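Here's the structure we're looking at; comments come further down.
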Amino acid sequence: MRKIEVDKNELEPLKDIIKFTSEGWTQLLSMSNGDLEKDFREQEVPAKDRPHPNTPTIDFCTDGRFSAEDKIDARVTLRKWCKDLGAQELTNSMIYLPETTMRWHTNSDNAGLRRYYTFTKGNAWFAWIDKEGNTHYDKDNMGWTVREFEAPIWHSIYTSQLRFSFGLRM
């Protein structure tokens, strides 16, 4: 896993999506899943593979909080963004509610190089297990963070505030 620097122009379509969907997601600010950072750090890595956990997140392209027009605009914008970056596919376009943990998982059902663009103004963390079995915790930047890693890999996420996430398989 590594944080990478990207051309700031890569972020513009994502900023646009966050901006034009704001009517839908601003109502999420007062919501919470009630997860604590302490519990995120103390969770056990499962003994067997888990491709994806069941995490309550909000998808820009499908959630009913967004207008039909915004969902279509998000899909079109993301499709062009993926193509412009040479990505094989969009793997997610979602919002984590405040106080949310995405439990340990591997993405083993869709292996390959992953790149995630995330935006948060709160306390957010990305945890992963390296090849030697060591657990690492990497704090999100305030604002935009871009990370790459090769899936499958055990990883988990925690955020204290809304966290916007856009994932690609490169």
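Quick notes on this one:
- Taking a straight Cα-Cα cut-off under 29 Å and skipping sequence neighbours fewer than 8 places away in the same chain, the lysines within cross-link reach of Lys48 are Lys3, Lys38, Lys131, Lys139.
- Local net charge near Ser156, Cβ-Cβ under 12 Å (Lys/Arg +1, Asp/Glu -1): -3
- Accessible area per residue (1.4 Å probe, heavy atoms of protein chains only) ranks His155, His52, His136 as His52, His136, His155, with the largest value leading.
- Surface composition of the stretch 32-158: carbon plus sulfur atoms hold 49% of the accessible area, using a 1.4 angstrom probe and ignoring ligands, DNA and RNA.
- Solvent exposure of the stretch 48-170 as accessible area per residue, Å², 1.4 Å probe: 45
- Counting only residues at least eight positions apart within a chain, or on another chain, the lysines with an alpha carbon under 22 Å from that of Lys19 are Lys8, Lys71, Lys80, Lys83, Lys121.
- Taking other residues whose beta carbon is less than 11 angstrom from the beta carbon of Gln88, and scoring Lys, Arg as +1 and Asp, Glu as -1, yields +3.
- Alpha-carbon Debye profile of the stretch 15-106, log10 I(q)/I(0) at 0.10, 0.13 Å⁻¹: -0.35, -0.57
- Each residue of the stretch 41-57 was assigned a 3J(HN,Hα) from its phi angle through the Karplus expression (A = 6.51, B = -1.76, C = 1.60, θ = phi - 60°), giving 6, 8, 5, 8, 6, x, 6, 10, 3, 9, x, 8, x, 8, 10, x, 10 Hz with x at Gly and Pro.
- Accessible area per residue was computed with a 1.4 Å probe on protein heavy atoms; Val76 scores about 80 Å².
- C-alpha center-to-center spacing [the stretch 1-78, the stretch 81-119] in angstrom: 9
- Here the chain is described by how far its Cα atoms reach on the three principal axes: 45, 37, 27 Å, from widest to narrowest.
- Point-charge dipole on Cβ atoms (K/R +1, D/E -1) for the chain, about Cα centre, debye to 20: 160
- Value of relative contact order over the stretch 18-170, rounded to a whole percent, pairs C-alpha under 8 Å and six or more apart: 31
- Among Tyr116, Tyr96, Tyr137, residue whose mean-square fluctuation peaks in a GNM of the chain (springs only between Cα atoms under 10 Å): Tyr137
The values are calculated or read from the model by the stated rules, or taken from the named source; none is laboratory data. Just so it is clear, the structure is predicted and the values come from calculations on it, not from any experiment. Neighbour counts are summed over all protein chains in view; Cβ atoms, including those assigned to glycine, are modelled from backbone coordinates with ideal geometry. The area values use the complete protein model at the heavy-atom level, side chains included, leaving out ligands, DNA and RNA. Shrake-Rupley method; radii C 1.70, N 1.55, O 1.52, S 1.80 Å.
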